[in-house]
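The numbers here are math on the coordinates, done by the rules we state, and not lab data. In this text the structure is predicted, and so the values were computed from the model without any measurement. Methodologically, a virtual Cβ is constructed for each residue, glycine included, from the backbone with ideal geometry; neighbour enumeration extends over all protein chains shown.
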Amino acid sequence: MTITVNLQKHINDSYGIHMQELAPLAFSEKVAIITNPTVADLHLEKLLKLVTAPSVKVVKIPDGEAYKTLETIETILNELFEQRLDRRSTLIAFGGGVVGDMTGFCASIYQRGINFVQIPTTLLAMVDASVGGKTGIDNKFGKNLIGSFYQPKAVYIDPFWLSTLPDREFGAGVAEIIKIAVTLDEEFFCWLESADLKNHEAIKEAIARSIELKADIVAQDEKESGLRQVLNYGHTFAHVIELEGNYTEFLHGESVAIGMVMANNLAVNTGSLSHKDAARIKHLLEKYDLPTSFSTSDPEQFYDSFFLDKKSHSGKITFVLPRTIGDYVFVDDAKKEWVLEAIKGE
Ligand code: NAD
Ligand code: GLY
C-alpha cells in the first residue's frame, strides 16, 4: 500500500523591489534589525527613525566575510530567542551582501521560517545579493556551501546609503553590473561604456536595469536548475581566486572581475567571443579600477579547486561564456588544457 503525501504547491512568493528614498516602515509584530558596527555607526540612527514596531531589537554581527559562518548564525539565533521573536516577527537585513546572506539564512531556519526584508547598503548588494533569495554562509570547504533559497518579503533600495561606501566597494558592485550587461543586454553594456556611474542619476539607472534583468532570470529559474546559472558568469573562477587569496586579498566583486576576464580567455579560445569584444569588456572593468589579472602559483591546483564548488556535477563544471556581448553559452566540456590557458591568461 502506498499513501501519497500530496505536496503540489500553489505558492506565491512574489515581492517588490522598491527603489526610492526609504519611506517609514511600520510592522505590527516584533522586528530585529541585523547589521554590523560599520553600517550601524554610519546609518542606523536614520533607519531607526523610519522603523516602527511593537519592539525593535538591533543585532550587530562582526564585519567581514570571515564572519559569514555557522558560529555567527548561532549568535544571531540566540539573540532572537532571547528577545522572544516568534513566527510573526520580521528580520531586517541592513548592510551588504554578508549581512543579507546571513539574515536571510537565519530567517529561513528560525522557528522553521519567518519573514525578512532586505535593505542593502552596498552597491553589490543592491544590484545582486539582495535580490533572488540565495542565502547562506561559508565553511572551511568553500563559499556559500551551506544555505537555502528563501525569498525576502520586500527589498528597499535607497542609493542614499552609497554616499559613504568606499571606492573599492563601489567598484566591486560595478563588476556585478558589468557581469549582467555582458551576458544579457548589449544595449545596457554600450550605455555603461559611455556612462559615469559616479553620477547619481546614472547609478540609479544602472541599479534599476541590473535588478530588472536579474529579477527576470530569477522568476524563470528560482532554484538554479539551468537558466539562473548565467548569473554565475566569472564566478567559477572568482570563487577559487577568493579561496587562494584567503578571502582577504580581493573583494568578491573584484574576484568576479578577474573571473570574467578568465572566462573571456576561454571564450576566445573556444571561438564564442572575439578578441575585440573581450578587449571591450576588459576596458570597461579597468574604467572602474577593477583588477583584471591574477597570477596563481599552481594552475593545476586552481583547476582542481573547481570541483569542490557546489556548481560542479559528476566531475563536470559548467562555464558561462559570453557569446558576443549580450549573449552567452553554457559550456560543460571545455578541455582541461583550454581552461589552464584561460587561467594563465594565454
Ligand atoms: P560586505 O557585505 O562585506 O560589505 C562590504 C563592506 O562595506 C563591509 O565592510 C561593510 O560593513 C561595508 N559597508 C556596507 N554598507 C556600507 C555603506 N553604506 N557605507 C560604508 N560601508 C559600508 O560585501 P558585499 O560586497 O556587499 O557582499 C559580498 C557578499 O555577498 C559575499 O559574501 C557574497 O558571497 C555575497 N553575495 C550574495 C549573492 C546572493 O545572491 N545572495 C550575490 C552576490 C554576492
Ligand atoms: N548571484 C548569483 C545569483 O543570484 O544567482
R0 = 25 Å: FRET efficiency of residue 186 with residue 21, Cβ-based, nearest 0.05? 0.20
So the FRET efficiency between residue 140 and residue 13, C-beta based with R0 = 30 Å and rounded to 0.05, is 0.40
On average, how much area does the Cα convex hull of the chain cover when viewed from any direction, in nm²? 19.0 nm²
How much length is gained on full extension from residue 287 to residue 336, taking 0.36 nm per residue of separation minus their Cα-Cα distance? 14.5 nm
If contacts are Cα pairs under 8 angstrom and at least 6 residues apart, what is the relative contact order of the chain in percent? 14 percent
Dipole axis of the chain (+1 Lys, Arg; -1 Asp, Glu on Cβ), positive-most option in 135, 239, 279: 135
What's the extension gain from residue 153 to residue 323 if we count 0.36 nm per residue and subtract their Cα-Cα distance? 57.7 nm
Give the distance, in whole Å, between the Cα centre of segment 190-251 and the Cα centre of segment 275-346. 15 Å
If you take every DSSP beta bridge fully contained in the chain, what fraction is antiparallel? Give it as a percent rounded to 5. 30 percent
Rounded, prolate or oblate: which fits segment 44-171 when a ≥ b ≥ c are the square roots of the eigenvalues of the alpha-carbon gyration tensor, with rounded for a/c under 1.5 and prolate only if a/b beats b/c? oblate
Enumerate by residue number the GluC sites (Glu not before Pro) in segment 152-237 meeting two conditions: DSSP loop (anything except H, G, I, E, B), and at most 16 other Cβ atoms within 10 Å of the site's Cβ. 222
Net charge dipole size for segment 199-253 [Lys, Arg +1 and Asp, Glu -1 on Cβ; Debye, nearest 20]: 100 debye
Per the C-alpha gyration tensor (a ≥ b ≥ c, the square roots of its eigenvalues), segment 164-257 is rounded if a/c is under 1.5, else prolate if a/b beats b/c, else oblate; here it's oblate
Connecting C-alpha atoms closer than 10 Å in a GNM of the chain, tell me which of 183, 296, 121 has the biggest fluctuation. 296
For the chain, return all DSSP H helices satisfying: extent of Cα atoms along own axis at least 15 Å; mean Kyte-Doolittle hydropathy at least -1.0. 70-82, 97-109, 167-184, 200-220, 252-270
Determine the dipole magnitude for the chain: charges of +1 sit on the beta-carbon of Lys and Arg, -1 on that of Asp and Glu, nothing else is charged, the reference point is the Cα centre, and the result goes in debye to the nearest 20. 1020 debye
If every Lys and Arg gets +1 and every Asp and Glu gets -1 at its Cβ, then about the Cα centre segment 58-200 yields a dipole, in debye to the nearest 20, of 640 debye
